[in-house]
1. Being more than 15 Å from residue 75 (Cα to Cα) and in contact with a helix residue (DSSP H, G or I) (Cβ under 7 Å, 6 or more places away or on another chain) is the requirement here; does residue 39 meet it?
2. If we scan region 32-42, do we find a residue that is within 16 Å of ligand 2 (Cβ to nearest atom), in a strand (DSSP E or B), in contact with a strand residue (DSSP E or B) (Cβ under 7 Å, 6 or more places away or on another chain) and within 15 Å of residue 95 (Cα to Cα)?
3. Please enumerate the residues belonging to region 119-137 that are surrounded by fewer than 16 Cβ atoms within 10 Å (Cβ to Cβ) and not in a loop (DSSP other than H, G, I, E, B).
4. From the list 87, 105, 77, which residue is more than 15 Å from ligand 2 (Cβ to nearest atom) and loosely packed, with under 13 Cβ neighbours inside 10 Å?
5. Mind counting the residues in region 52-70 that are touching a strand residue (DSSP E or B) at 6+ places or on another chain (Cβ under 7 Å) and either assigned to a loop (DSSP other than H, G, I, E, B) or in contact (Cβ under 8 Å) with a residue 24 or more places away in the chain (or both)?
6. Against the conditions (1) in contact with a helix residue (DSSP H, G or I) (Cβ under 6 Å, 6 or more places away or on another chain); (2) surrounded by fewer than 21 Cβ atoms within 10 Å (Cβ to Cβ); (3) in contact (Cβ under 8 Å) with a residue 24 or more places away in the chain, where does residue 17 fall short? Just the number, please.
7. Counting only residues that are more than 12 Å from ligand 2 (Cβ to nearest atom) and modelled with pLDDT under 95, how many does region 119-140 have?
8. Among 85, 97, which is within 17 Å of residue 54 (Cβ to Cβ) and within 16 Å of ligand 1 (Cβ to nearest atom)?
Ligand SMILES: [Zn+2]
Ligand SMILES: [Zn+2]
């Protein structure tokens, strides 16, 4: 099965595509993700580079946390965060971007499977997913 997700920001200025299945879909509670996305946890999907068609970086607003090798890319007009690139070098697309493209719902194929860096959390999550204290399960 090969799904294609056509994604765009709030104002429509930035669009991008993701194809097939993500490498992972998760919640990350690490301090870096919380800082990068200004959220209590990251809710997102990680994709192989050849499964996404991303906008030209020069067309985006870029926010970097240099000492953590993390970058976030957003629309220069509406400010919506479209994706981030973290240490392993794969694009991370927030679940919110997929929800927006899918009538407010996360496509079932993209349901998150685990929590990473749960030991660093600032909020507790009461669900049935695996809770990993760190990122070693995906090699971080
Ligand atoms: Zn926009
Ligand atoms: Zn993280």
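1. When the stated conditions are applied, residue 39 does not pass them.
2. yes
3. Listed by number, the residues that qualify are 119, 130, 136, 137.
4. Within the list 87, 105, 77, the selection yields 105.
5. Counting residues in region 52-70 that are touching a strand residue (DSSP E or B) at 6+ places or on another chain (Cβ under 7 Å) and either assigned to a loop (DSSP other than H, G, I, E, B) or in contact (Cβ under 8 Å) with a residue 24 or more places away in the chain (or both) gives 7.
6. Residue 17 satisfies all of (1) in contact with a helix residue (DSSP H, G or I) (Cβ under 6 Å, 6 or more places away or on another chain); (2) surrounded by fewer than 21 Cβ atoms within 10 Å (Cβ to Cβ); (3) in contact (Cβ under 8 Å) with a residue 24 or more places away in the chain except (1).
7. Final tally of qualifying residues: 3.
8. Just one listed residue meets the conditions, 97.
The values are calculated or read from the model by the stated rules, or taken from the named source; none is laboratory data. Just so it is clear, the structure is predicted and the values come from calculations on it, not from any experiment. Please note: Cβ atoms are built from the backbone with ideal geometry, for glycine as well, and neighbour counts cover all protein chains shown.
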